[in-house]
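Structure first, then comments.
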């Protein structure tokens with residue numbers, strides 16, 4: 001069995017992939033394509049508790065803790081935001097809680113997302129990353145307890 005890629009490695013791959021696309025219209029198309037490829041989230045997980053507050057569109061995020069790693073699932077009712085959900089899941093899913101807590105979200109700055117998204121979308125993205133990190137904090141307490 002191969003070792004999963006680190007969170008930092010996944011971030012760097014996505015940064016390299018997006019940096020090859022200089023035009024922001026093309027980057028938006030790439031983000032939308034990611035959203036279209038995101039598997040649908042189970043309707044039962046689209047609850048008020050899993051909804052990200054602070055987003056203009058509807059965004060849901062749920063996390064599972066399995067074998068020491070976090071798996072995230074999410075969805076949105078807006079295409080670009082759904083792409084941002086997919087991008088975040090691609091980066092963070094499969095990480096350990098410690099990785100999520102200790103690895104800064106450098107992709108936000110490196111990809112220029114905070115500067116090139118509308119203020120409401122940028123705020124929503126920051127709220128999503130905050131929730132991803134909150135899940136990791138909760139799951140990190142499970143790592144330290146004997147089973």
Inset, instruction - Using just the helices of the chain, give the 222 nm mean residue ellipticity in deg cm²/dmol: DSSP H runs with n ≥ 4 each add -39,500 (n - 2.57), and the total is spread over all residues, rounded to 500. - result: -17000 deg cm²/dmol
Legend entry - Degrees separating the helix 79-92 axis from the principal Cα axis of the chain, which is the longest one: 40
Legend entry - Relative contact order %, the stretch 7-143, counting alpha carbon pairs below 8 Å whose residues are six or more apart: 29
Inset, instruction - Between residue 6 and residue 37, with labels modelled 7 Å along Cα→Cβ, what's the label distance in nm to one decimal, could you check? - result: 2.5
Legend entry - Estimated FRET transfer efficiency (residue 19, residue 79; beta-carbon r; R0 22 Å; 0.05): 0.45
Legend entry - the stretch 47-111: Cα Rg divided by the 2.2 N^0.38 Å rule of thumb: 1.15
Legend entry - Choice from 43, 86, 78 showing the highest fluctuation, given a GNM over the chain with Cα pairs closer than 10 Å: 43
Inset, instruction - Could you calculate the FRET efficiency of residue 67 with residue 29 from 1/(1 + (r/R0)^6), where r is the beta carbon distance between them and R0 is 25 Å, rounded to 0.05? - result: 0.10
Inset, instruction - Going by C-beta contacts inside 10 Å, put 53, 46 in order with the fewest on the left. - result: 53, 46
Inset, instruction - Set the Förster distance to 35 Å, then compute FRET efficiency between residue 47 and residue 102 from the Cβ-Cβ distance, nearest 0.05. - result: 0.75
Inset, instruction - If a/c stays under 1.5 just call it rounded; otherwise compare a/b with b/c (prolate if a/b is bigger, oblate if not). Do that for the stretch 7-143, with a ≥ b ≥ c from the square roots of the Cα gyration tensor eigenvalues. - result: oblate
Inset, instruction - Based on other C-beta atoms within 10 Å, arrange 9, 41, 128 from fewest to most. - result: 9, 41, 128
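Taken together, the values in this text are just the output of simple stated rules run on the coordinates, not laboratory data. Only a predicted model underlies this, so the values are computations on that prediction, with no experimental measurement involved. All Cβ positions, glycine included, derive from the backbone under ideal geometry; neighbour counts span all protein chains shown.
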